[in-house]
Amino acid sequence: MILARAVAAVAIVASLAASVDTQEPAYPLSQRGSVMQKVAFTEISVAYGRPTARGRVLFGKGGVVIYGRMWHPGADSATRISFSQDVEVEGHAVKAGEYSIWLIPRDSAAWTFILNRQAHTFHTRYPGERNDALRVEIMPERGAYMETLAYYFPVVSGDSTVMRIHWGETMLPVRITAAFTPR
């Protein structure tokens, strides 16, 4: 009887192990990430999903991101950026608050960077221009290869920063200025 139970237990474990090998991973392929940067007395926070390239073509015809189409730079729920105080983004006033980030990428031209007032939304449904707080054109740059989408602040000075959106060899530098006013 004990031998029969042991054999049955081994068979169950072997069956479970075999099914695990043939299934998709139990963890999400795009992990959540966040970054925060203080500029003067303003806190800038970004929360986003981090898709990975996984050998895919990232930009252009046949790519994950099609030129000329609205793209949310992230995965799953829309990327959210928040400013604790009023700022200037690319020289344009933006009120303190939380926004979703959207882009319209182009092959050999400036990309449209969009902050939308609908911060809590899914990444495939652009909330529409009527909810936009900002639309500006920014030239992308080329850089070292980045497998997983990243938002980071490589340049920070007293009252300004550059927030970089970086995936593959494509980087979009977003210039942000914060007033030097303590709360």
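The values are calculated or read from the model by the stated rules, or taken from the named source; none is laboratory data. Bear in mind that the values here come from a model prediction, so they are computed numbers and not experimental data. No Cβ is skipped: glycine too gets one built from the backbone with ideal geometry, and neighbour counts run over all protein chains shown.
Miscellaneous remarks
- The residues of the range 81-102 that are within 16 Å of the chain's Cα centre (by Cα) and either surrounded by fewer than 20 Cβ atoms within 10 Å (Cβ to Cβ) or at pLDDT below 95 (or both), listed by number, are Ser82, Glu98.
- Pairs with Cβ under 6 Å, 6+ apart, first in the range 133-149 and touching a residue at least 24 places away in the same chain (Cβ under 8 Å), second charged (D, E, K, R) and not in a strand (DSSP E or B): Ala133/Arg117; Val136/Glu90
- If you go through the range 14-50 and keep only what is farther than 30 Å from Val155 by Cβ and either at pLDDT 95 or above or outside any loop (DSSP other than H, G, I, E, B) (or both), you end up with Ala14, Ser15, Leu16, Ala17, Ala18, Ser19, Val20, Asp21, Thr22.
- Those residues of the range 50-77 which are surrounded by 15 or more Cβ atoms within 10 Å (Cβ to Cβ), under 16 Å from Tyr126 (Cβ atoms) and among the small types (Gly, Ala, Ser), in sequence order: Gly74, Ala75, Ser77
- Residue check, Ser45 surrounded by fewer than 18 Cβ atoms within 10 Å (Cβ to Cβ) and in contact with a strand residue (DSSP E or B) (Cβ under 6 Å, 6 or more places away or on another chain): yes
- Residue within the range 122-145 that is within 21 Å of Gln31 (Cβ to Cβ), out of contact with any Gly (no Cβ under 9 Å at 6 or more places or on another chain), loosely packed, with under 15 Cβ neighbours inside 10 Å and hydroxyl-bearing (Ser, Thr, Tyr) present: yes
- Taken over the range 28-46, residues that are among the polar types (S, T, N, Q) and over 14 Å from the mean Cα position of the chain (by Cα) amount to 2.
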